[in-house]
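The structure under discussion appears below in the form of structure tokens.
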């Protein structure tokens, strides 16, 4: 009897209308779970990526600024055409002559000045060391 | 007649003005060398007058000395009177010689273009004070009694002591002022040459050597200036009035005068070195300033 009862408890058969429904529910559940997980993953990724992108954008801006400053520096310091005036003058068949006569005049004036100084210093030496009246004191002391 | 007089006066005034303007123009057209030569001639004339006065002084001293010996041999009224006259003459010639010496120095200072106007006037006015004092003494000596002559002789002896020290001070001051004039001129040249070097540089000329030499030129002028300042300080230390210990003060004045003079000579040496550098600078400028040779086609 016991054996009959035990044998009587059997797992219900999977097949049939009810079995199909179960499979559909499980499938929908798995799909929903995948979609939710994908959404969560996407959201998480989005939150992380934006600051990185922003950082990247600032870095780029700084780099561009530095480059611009460097360019401007090179531009300002450019002396490739410094001799242009001379070159053009030469092309035109002329040469730049800078007036130096005034410097020559200065040298000649300084030369005269120096010769005058030597003569003046000698004159003054003569005056300072003059002994013509050195007997004045002894002479007057006899009066 | 009145019209005629007016015309003559106008003509005279016009001639005077034309002469003055002409003389001034002639002076302005003189080169520095000519101006210096003219000043030197005036000074030499004044120094010549001083030397003449020195000869009179020496003769008067001899005469006085002879009269003194004569009186020592024969004491009588004539010899006493003669000695008094010779003493008066000797005192007078002593004062005149001192005045002529100061006038020669004043002539040197006033005709010297190479002194700042302020220095020239300050030194001339110092000399004038002494000349005025001596002129007053000369006037008094000419009418003095034998006793007053003795008193005057003592005063002039005291002045002579002061004069010996004062001459060192004033000569030193003139030396310093004269050297300073040249230093200022050199500094002015240095600034102008520096501007000229910049002009050459702007024209694309090579100026590295020029700029280095300009620095050397300025350096030598700075050293000359240092020596001038040191000399000036030494001369300023010389006392203008002697105190009771005259011999020591004269010795101290001599030492300061020599020390100042050595600084003046050193300053002059640096100025000469600067001049040698200036020659190099100007030669370099001449080369740099010239047009470059066009390359052969």
Taking the 0 to 90 degree range and rounding to the nearest ten, how far is the long axis of helix B:2-29 tilted relative to the main principal axis of chain B, both from C-alpha atoms?
60
Classify chain B from the C-alpha gyration tensor, please: rounded if a/c falls under 1.5, else prolate or oblate depending on whether a/b exceeds b/c.
oblate
Quick one: Cα centre-to-centre distance for region A:113-134 and region B:95-152, in angstrom?
19
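Let me check against my output: what whole-number percent is the relative contact order of region B:34-144, with C-alpha pairs under 8 Å and at least 6 apart?
After rounding, I find 36 percent.
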Which angle between 0 and 90 degrees, to the nearest 10, do you get for helix B:146-202 versus the longest principal axis of chain B when only C-alpha atoms count?
0
Shape category assigned to region B:162-290 from the gyration tensor of Cα positions, a/c cut at 1.5:
prolate
Pull out a ≥ b ≥ c, the square roots of the eigenvalues of the alpha-carbon gyration tensor of region B:128-204, then state rounded if a/c is under 1.5, prolate if not and a/b is larger than b/c, and oblate in the remaining case.
prolate
Between the Cα axis of helix B:77-110 and the main Cα principal axis of chain B, the angle (0 to 90°, nearest 10) is 10
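Could you tell me the relative contact order of chain B? Use alpha-carbon pairs under 8 Å, at least six residues apart, and round to a whole percent. Can you show the working numbers first?
Working: 249 pairs, mean separation 48.1, N = 297.
Taking the mean separation of contacting Cα pairs over the length of chain B, I get 16 percent.
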Residue-averaged beta-carbon neighbours from other chains (10 angstrom radius) around A:118-126:
6
What distance in nm separates the simple spin-label points at residue B:158 and residue A:135, each placed 7 Å from Cα in the Cβ direction?
2.7
May I ask you to derive the relative contact order of region B:162-290, considering only C-alpha pairs under 8 Å and at least 6 residues apart, and to give it as an integer percent?
40
Label residue B:194 and residue B:247 with points 7 Å out from Cα along Cα→Cβ: what is the distance between them in nm?
5.4
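All of the numbers you see were taken from the coordinates with simple rules; none came from a lab. A quick note: this is a predicted structure, and the numbers were derived from the prediction, not measured. Cβ atoms come from the backbone with ideal geometry, glycine included; neighbour counts cover every protein chain shown.
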